[in-house]
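**Q** Got a structure here, written out as structure tokens. Questions coming.
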Amino acid sequence: MRRAVRTDKAPAAVGPYSQAIVASGLIFVSGQIPLDPATGSIVEGGIEEQTRQCVKNLRSILEAAGSGLDRIVRATVFLTDLGEFDAVNRVYGEVMPSPPPARVCVEVSRLPRGARVEIDAIAI
């Protein structure tokens, strides 16, 4: 059994996918780029603001599924410039509850809509 999660407090999917799927007690949150759900645009500012918005979007989706950031067990961070790793880590460390989830961080050539960062997560 699986069910889709949908909230207006996070951006609508920009393709044929769900914001999240709940299955077997796990929540699989699709990658979140730094879109402001009110405007549908990438938030203004640098990598720090973009990272904060990605996490806000994750939080909103997790809350709609009955969970939260403190229940993330694994996250993946996609960056278009690994040179921004330290800045992303600072923000990520500020916003993620302790202990932080397991994580992977990789550099990619491009992200949707020109985003510099995207974060997905698996939570309980």
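**Q** Which of (1) part of a loop (DSSP other than H, G, I, E, B); (2) touching a strand residue (DSSP E or B) at 6+ places or on another chain (Cβ under 9 Å); (3) of a type in the set (S, T, N, Q) does Asn57 not meet, given it meets every other one?
**A** Only one criterion is unmet by Asn57, namely (1).
**Q** Turning to a different aspect of this structure: Identify, from the list Ala13, Ala87, the residue that is in a loop (DSSP other than H, G, I, E, B) and either of a type outside the set (Lys, Arg) or more than 10 Å from the chain's Cα centre (by Cα) (or both). Before the answer, list the steps.
**A** Values: Ala87 fails: in a loop (DSSP other than H, G, I, E, B).
After applying the criteria, what remains is Ala13.
**Q** Across the range 90-119, what is the number of residues that are farther than 19 Å from Glu49 by Cβ and either part of a helix (DSSP H, G or I) or of a type in the set (Asp, Glu) (or both)?
**A** Residues meeting the conditions: 1.
**Q** Say whether the condition of being surrounded by 15 or more Cβ atoms within 10 Å (Cβ to Cβ), closer than 23 Å to Ala102 by Cβ and in contact (Cβ under 8 Å) with a residue 40 or more places away in the chain is met by at least one residue in the range 36-45.
**A** no
**Q** Being of a type outside the set (Phe, Trp, Tyr), surrounded by 13 or more Cβ atoms within 10 Å (Cβ to Cβ) and more than 25 Å from Val5 (Cβ to Cβ) narrows it down to one of Leu69, Leu79, Leu58, so name that one.
**A** On the way: Leu69 fails: more than 25 Å from Val5 (Cβ to Cβ); Leu58 fails: more than 25 Å from Val5 (Cβ to Cβ).
Residue meeting the stated conditions: Leu79.
**Q** Out of the residues in the range 16-35 that are among the hydroxyl-bearing types (Ser, Thr, Tyr) and assigned to a loop (DSSP other than H, G, I, E, B), which is surrounded by the most Cβ atoms within 10 Å (Cβ to Cβ)?
**A** If we take residues in the range 16-35 being among the hydroxyl-bearing types (Ser, Thr, Tyr) and assigned to a loop (DSSP other than H, G, I, E, B), then Ser18 is surrounded by the most Cβ atoms within 10 Å (Cβ to Cβ).
Throughout, read-outs are computed from the coordinates displayed, never taken from laboratory work. Keep in mind the model is a prediction, meaning the values are calculated, not measured. Cβ sites come from the backbone with ideal geometry, for glycine too, and all protein chains shown count toward neighbours.
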